[in-house]
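First up is the structure itself, then whatever we jot down about it.
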Amino acid sequence: MAENKLEIAAGLLVVAAALGFVIFAGKGSGMGSGGDTYDLRASFRSIEGVSLGSDVKLAGVKVGTLTQVSLNPQTYMADAVLSLQKSVELPSDSAVLISSEGLLGGNFIELQPGGMPDVLAPGDEIEDTQGAVSLVSLLMKFVGSKPADSAATAP
């Protein structure tokens, strides 16, 4: 009988720990924030390198999360929904781009605030976007470029 109580207590402890991890993971991904956020939309030519749950940063500080991505069949662009903290008010001429944390780092979505006095309302679209830059295409441009003809400039 004592062994059964010990097994039940251990099982309850495991379930409580698992539930704690689920709640912690939900808050970290922005799921548990409730009414503390609002959504903005943006369309990208390429959203390569980011996925659902990717960070949205302003001045290097995480202020939101990428919550939805879909392909627009009319424009063939990636439509994204960014969930931002309500305390972040962006000017209407702000820009959004996909940036890299470094050569080997991951990608994130970067917000660049504009200078207009009016701000974006929940559900508005950020029109100034820049998609992901492919490292492979940059390397191909570098390798394929011709060096300047040094013989033409020699005396």
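One residue stands out in region 85-133 among those that are of a type in the set (S, T, Y) and closer than 25 Å to G49 by Cβ: the one that is modelled with the lowest pLDDT, namely S100. Take the residues of region 79-92 that are assigned to a strand (DSSP E or B) and in contact (Cβ under 8 Å) with a residue 40 or more places away in the chain: which is surrounded by the fewest Cβ atoms within 10 Å (Cβ to Cβ)? Checked region 79-92; the qualifying residue surrounded by the fewest Cβ atoms within 10 Å (Cβ to Cβ) is V81.
Of everything listed in (1) more than 10 Å from the chain's Cα centre (by Cα); (2) surrounded by fewer than 14 Cβ atoms within 10 Å (Cβ to Cβ); (3) modelled with pLDDT of 90 or more; (4) not β-branched (V, I, T), the single unmet condition for G32 is (3). E48 meets all of the listed conditions (1) within 13 Å of Q130 (Cβ to Cβ); (2) surrounded by fewer than 18 Cβ atoms within 10 Å (Cβ to Cβ); (3) free of Cβ contacts under 8 Å to residues at least 60 places away in the same chain but one, namely (3). Could you go through region 104-114 and let me know if any residue there is exposed (fewer than 10 other Cβ atoms within 10 Å of the Cβ) and under 17 Å from A42 (Cβ atoms). No. The residue list A59, A95, A121 contains one member that is of a type in the set (G, A, S) and surrounded by 16 or more Cβ atoms within 10 Å (Cβ to Cβ), which is A95. Look through region 51-78, keep the residues that are without any contact (Cβ under 8 Å) to a residue 12 or more places away in the chain and over 18 Å from Y38 (Cα atoms), and return whichever of them is nearest to the chain's Cα centre (by Cα). The extreme case among them is G60.
The values are calculated or read from the model by the stated rules, or taken from the named source; none is laboratory data. A quick note: this is a predicted structure, and the numbers were derived from the prediction, not measured. Because the Cβ atoms are built from the backbone with ideal geometry, glycine has one as well, and the counts that use them run over all protein chains shown.
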